[in-house]
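As structure tokens, the structure follows; a few thoughts come after it.
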Amino acid sequence: MDAPALLAKLDDSIRPERLMATAWDLVNIPSPTGETEEVTAFYADIYREAGLDVHVSHPAPNAPNMAAYLAGHGDGKTLHFDGHADVIGRVDALPDGSQKVVPIPHPEPRIENDVLYGRGAADMKGGLA
């Protein structure tokens, strides 16, 4: 399939309402760095429902990593996407030169003029959706 045909096929398969709903659900889940169990489980379920092989590892308590695989056919190249689902707090500089992360409240997301606002909407939960 040539590139224009592939792009047309992809464009036809995009459902904006589903993307917005998924992004809203992801943004609605609080996920400060180091506390991402719930958002990772939610995201893993999306991939499982799509038929991908999902692997979750736990390199740190409450902060799992997730990888999803879709086997291809033949000896073609591999396409890899990655991202993160955590949101960071405010980083304050301390007098000794170190830094302290201060948690930020997690308000409910909102949609205004077809734009999603909320913790992680632009970095990076919107992109994960």
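Just so you know, all these numbers are worked out from the coordinates, no wet-lab data involved. Bear in mind that the values here come from a model prediction, so they are computed numbers and not experimental data. All Cβ positions, glycine included, derive from the backbone under ideal geometry; neighbour counts span all protein chains shown.
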* To do: Quote the FRET efficiency, to the nearest 0.05, computed for Asp25 versus Gln99 with a Förster distance R0 of 30 Å and r equal to the Cβ-Cβ distance.
  => 0.45
* Ile14-Val56 FRET efficiency (beta carbon distance; Förster radius 35 Å; 0.05 resolution) -> 0.85
* Asked: Taking neighbour counts of Cβ atoms within 10 Å as a proxy for exposure, in what order, fewest first, do Ser31, Ser13 appear?
  -> Ser13, Ser31
* Among (1) 35, 31, 24; (2) 59, 39, 26; (3) 41, 36, 32, which is the computed Cα extents along the principal axes in Å? -> (2)
* Asked: Quick one: Asp12, Asp25, fewest Cβ neighbours within 10 Å first, how do they rank?
  -> Asp12, Asp25
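Rounded, prolate or oblate: pick one for segment 10-64, where a ≥ b ≥ c are the square roots of the eigenvalues of its C-alpha gyration tensor, a/c under 1.5 means rounded, and failing that, prolate if a/b is larger than b/c, else oblate.
Cα axes put segment 10-64 in the oblate bin.
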* Structure fact -> Mean-square fluctuation maximum in Gaussian network of the chain, Cα pairs under 10 Å, restricted to Ile46, Ile104, Ile14, hits Ile14
* **Calculated [θ] (222 nm, deg cm²/dmol) that DSSP helices of n ≥ 4 give over the chain, each run adding -39,500 (n - 2.57)** => -9000 deg cm²/dmol
* Asked: Which percent, nearest 5, of DSSP beta bridges in segment 19-129 are antiparallel?
  -> 90 percent
* Any idea what the dipole of segment 1-117 comes to, in debye rounded to 20, about its Cα centre with Lys/Arg Cβ at +1 and Asp/Glu Cβ at -1? -> 100 debye
